[in-house]
Amino acid sequence: MLGRFTVRPSDDGSNRFGVWDGAVNGWRATGIDDEARARELASDLDVQYDAHGPRAADAVRHVDPAQQVQRATWTTGELDVWIRHNGEWLGRFRSKDGELSWVSGKDLRPL
C-alpha cells in the first residue's frame, strides 16, 4: 500500500494540513502550515511503513548523500532513498521544484 499516507487539509477549520494514515483511518500528524512539508512527512512515513506495519530493514536503502538522477521522462532531480514495494525497487525522486514522487528503479539512471 504505497501511498498509505496522504496529505489532506486539516479538519479543524484552519488553513493547515495533516497527514492521513489510510491503514488505520486516522491522522498521523496535524497542524502543518506548509503543504510541501506535509507531503515530505507523508513520503518519509511511506519509507518507514507499508500497509502491514514497519518495513523490513532489507527493504529500505538510503542514498547518502542524495544522488543526481534522471527519470525516463528526461527530468532530472535527486534520489535519496529506495524502498522495495510489491517486489519492485522504487526510488524517492525529488524534482527541481521540490515535488516528491516514487519512481520505478528501471525508470531512473544516474547522471
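Provide a single number: the residues in the stretch 49-58 that are assigned to a loop (DSSP other than H, G, I, E, B) and surrounded by 14 or more Cβ atoms within 10 Å (Cβ to Cβ).
Count: 1.
Open to solvent by 70 Å² or more (accessible area, probe 1.4 Å), part of a loop (DSSP other than H, G, I, E, B), among the aliphatic types (A, V, I, L, M) and in contact (Cβ under 8 Å) with a residue 12 or more places away in the chain - does that describe any residue in the stretch 66-74?
Within the stretch 66-74, none of the residues are open to solvent by 70 Å² or more (accessible area, probe 1.4 Å), part of a loop (DSSP other than H, G, I, E, B), among the aliphatic types (A, V, I, L, M) and in contact (Cβ under 8 Å) with a residue 12 or more places away in the chain.
Quick one: would you say Arg61 is charged (D, E, K, R), assigned to a strand (DSSP E or B) and open to solvent by 70 Å² or more (accessible area, probe 1.4 Å)?
Yes: the conditions hold for Arg61.
Applying the selection to the stretch 75-111, what residues are open to solvent by 40 Å² or more (accessible area, probe 1.4 Å) and of a type in the set (Phe, Trp, Tyr)?
Listed by number, the residues that qualify are Trp82, Trp89, Trp102.
Does any residue in the stretch 91-104 that is in the same structural domain as Glu78 (by the TED database) come within less than 7 Å, Cβ to Cβ, of a residue that is among the aromatic types (Phe, Trp, Tyr) and open to solvent by 20 Å² or more (accessible area, probe 1.4 Å) six or more places away or on a different chain, and which pairs are these?
Gly91/Trp82; Arg92/Trp102
The values are calculated or read from the model by the stated rules, or taken from the named source; none is laboratory data. In this text, all values refer to a predicted model and were calculated from it rather than measured experimentally. FYI the Cβ positions are ideal-geometry reconstructions off the backbone, even for glycines, and counts take in every protein chain you see. Surface accessibility is based on the protein's heavy atoms, side chains included, excluding ligands, DNA and RNA. Shrake-Rupley method; radii C 1.70, N 1.55, O 1.52, S 1.80 Å.
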